[in-house]
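Taking it in order: structure first as structure tokens, then the write-up.
The values are calculated or read from the model by the stated rules, or taken from the named source; none is laboratory data. Quick caveat, the model's predicted, so the values are computed rather than measured. So basically every Cβ, Gly included, is an ideal-geometry build from the backbone, and we count neighbours across all protein chains shown.
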């Protein structure tokens with residue numbers, strides 16, 4: 001069986017090949033209880049596991065783009081292009097954010113497929129700033145293979161016109177959601193610009209499609225962060 | 001049988017009465033001393049329990065803001081002080097003259113101080129170092145030529161696990177007098193790599209090649225942005241300076257990685273990294289000059 005951008009349970013009674021952009025995941029059944037998992041990137045084998053799932057299920061689920069070699073608590077979204085907001089202007093934008101793909105055995109995350117290059121950035125000064133996972137967010141990007149719909153809500157309460165180049169959001173409030181047609185969504189992000197340098201960012205908001213179910217199972221907590229080193 | 005049993009019981013009763021009588025006499029005779037011992041024991045127990053409570057309280061209050069080494073030191077100090085005061089009160093109650101003990105302690109302190117001058121120096125250096133808080137357990141530090149992770153900070157020395165896995169014990173007095181680079185304090189640090197390319201190479205192509213290496217490396221930070229500067233015109237090469245910000249804790253691994261990747265990328269693009277060469281002329285006896293080796297300025 002060959003498919004692409006599949007999310008759900010993998011039952012490899014035969015060999016499954018699932019494509020995600022330049023990555024290819026192959027599940028080869030050895031026997032009733034053993035599966036060989038291989039990950040290829042541009043035809044080069046990059047990871048291989050022997051899976052004996054037992055009573056657990058093998059599943060593939062969309063994940064927010066927060067995993068990488070470093071553990072961080074924040075996600076920096078560099079807006080392309082930047083957004084200019086007049087006094088008391090409000091804007092709500094639905095755009096697409098790259099997502100990651102997680103291969104699970106039961107609840108154990110076995111492997112991750114990254115749809116965009118993993119990068120990090122410092123918010124604030126290098127001396128005492130915050131290390132963030134970095135993503136470039138193209139506001140007018142067309143639907144790409146490995147992305148989820150995210151809603152950004154910005155409001156300018158600073159009393160002056162402002163230009164927003166980036167949003168730093170707490171990772172804890174960012175979850176993925178999936179609807180019955182397999183479309184992926186991410187938690188909404190709200191930004192309240194308070195003055196020239198600071199803004200309040202809230203994550204964990206409902207996605208644009210309220211019927212989409214959160215992964216894994218429970219909704220994220222509403223989490224707030226104050227950006228005080230500019231935006 | 002009943003006669004013997006009655007006699008035995010009578011003897012037993014007399015023996016018990018005698019024991020109680022002796023005990024009563026003992027208590028009456030030594031009542032004062034026994035009371036003192038009881039009070040002293042209660043004071044010792046109370047001081048021990050108080051010390052234990054204060055250690056718990058101090059640990060709870062300090063552990064959120066202070067490094068574990070400092071918390072342990074303060075807790076130990078409090079425990080020692082409270083138990084010492086309790087013991088002194090208990091001894092005074094027992095009628096032991098503390099002034100003599102204090103004089104003896106002072107004298108012993110002087111002797112110990114002279115004998116353990118070095119160790120006491122280490123101890124005070126350690127206490128000062130811990131209270132200063134510039135280095136904590138788990139920090140990546142460079143002390144002189146030793147680069148590693150602080151494993152433990154004790155009263156006399158600090159234990160550093162080098163990147164090679166070896167453990168180095170550095171006396172606290174040496175820590176006080178050394179230049180210490182704490183690489184864990186800042187969020188990010190800037191690495192600098194100087195790359196020399198031959199005069200015949202295309203500078204823009206080299207800059208773009210290096211930029212691609214930096215952009216594709218996950219641990220080279222996107223912000224602050226890396227910079228590639230054409231720095232100087234050297235004897236044999238055009239020198240490019242590469243500045244890249246990386247997470248502080250991983251600076252050495254990333255630098256090694258980047259240098260390797262830049263070299264490989266420049267090789268792939270056919271950009272030459274020259275090595276210095278000299279043209280040496282030898283004067284012969286006949287007055288003619290002839291080059292021993294001739295070569296261009298760069299390889």
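Of B:96, B:149, all but one fail to be at pLDDT 75 or above, outside any helix (DSSP H, G or I) and closer than 29 Å to residue B:46 by Cβ; the exception is B:96.
Each residue in segment B:10-36 was checked for being touching a helix residue (DSSP H, G or I) at 6+ places or on another chain (Cβ under 9 Å) and either modelled with pLDDT of 85 or more or exposed (fewer than 10 other Cβ atoms within 10 Å of the Cβ) (or both), and 0 pass.
The condition of being in a helix (DSSP H, G or I), out of contact with any helix residue (DSSP H, G or I) (no Cβ under 6 Å at 6 or more places or on another chain) and at pLDDT 75 or above holds for residue B:111.
Can you pull out every residue in segment B:47-72 that is at pLDDT 75 or above, touching a helix residue (DSSP H, G or I) at 6+ places or on another chain (Cβ under 7 Å) and part of a helix (DSSP H, G or I)? Write out each step before concluding.
Kept after step one, since they are at pLDDT 75 or above, are these residues of segment B:47-72: B:47-63, B:71-72.
Narrowing the set further to residues that are touching a helix residue (DSSP H, G or I) at 6+ places or on another chain (Cβ under 7 Å) leaves B:47-48, B:50-51, B:54-55, B:58-59, B:62-63, B:71.
Matches in segment B:47-72: B:47, B:48, B:50, B:51, B:54, B:55, B:58, B:59, B:62, B:71.
In this structure, residue A:164 does not qualify as under 15 Å from the mean Cα position of the chain (by Cα) and either assigned to a strand (DSSP E or B) or away from every other protein chain (no Cβ under 14 Å) (or both).
Where residues in segment B:237-263 are assigned to a strand (DSSP E or B) and within 33 Å of the chain's Cα centre (by Cα), which of them is farthest from residue B:191 (Cα to Cα)? Walk me through how you get there before you give the answer.
First pass over segment B:237-263, keeping only residues assigned to a strand (DSSP E or B): B:238-247.
From what's left, within 33 Å of the chain's Cα centre (by Cα): B:242-247.
Working: B:242: 8, B:243: 6, B:244: 5, B:245: 6, B:246: 7, B:247: 10 Å.
Within segment B:237-263, the match that is farthest from residue B:191 (Cα to Cα) is B:247.
For segment B:170-191, the condition holds for no residue, the condition being that it is touching a strand residue (DSSP E or B) at 6+ places or on another chain (Cβ under 6 Å), away from chain A (no Cβ under 14 Å), surrounded by 14 or more Cβ atoms within 10 Å (Cβ to Cβ) and modelled with pLDDT of 90 or more.
The lone criterion from (1) over 20 Å from residue B:139 (Cβ atoms); (2) within 14 Å of chain A (Cβ to nearest Cβ) left unmet by residue B:234 is number (2).
Among the candidates A:21, A:8, A:54, which residue alone is exposed (fewer than 15 other Cβ atoms within 10 Å of the Cβ), away from chain B (no Cβ under 14 Å) and under 23 Å from residue A:149 (Cβ atoms)? Quick ask: steps written out before the conclusion?
Details: A:21 fails: exposed (fewer than 15 other Cβ atoms within 10 Å of the Cβ); A:54 fails: under 23 Å from residue A:149 (Cβ atoms).
So the residue among A:21, A:8, A:54 that is exposed (fewer than 15 other Cβ atoms within 10 Å of the Cβ), away from chain B (no Cβ under 14 Å) and under 23 Å from residue A:149 (Cβ atoms) is A:8.
For residue B:166, the stated conditions hold: it is over 24 Å from residue A:133 (Cβ atoms), surrounded by fewer than 16 Cβ atoms within 10 Å (Cβ to Cβ) and away from every other protein chain (no Cβ under 14 Å).
Need at least 2 residues that are within 14 Å of chain B (Cβ to nearest Cβ) and either in contact with a strand residue (DSSP E or B) (Cβ under 9 Å, 6 or more places away or on another chain) or at pLDDT 90 or above (or both) per element, so show me which strands (runs of 3 or more DSSP E) inside segment A:92-161 make the cut, counting only ones lying wholly within it.
Those strands (runs of 3 or more DSSP E) span A:108-114, A:119-123, A:130-138.
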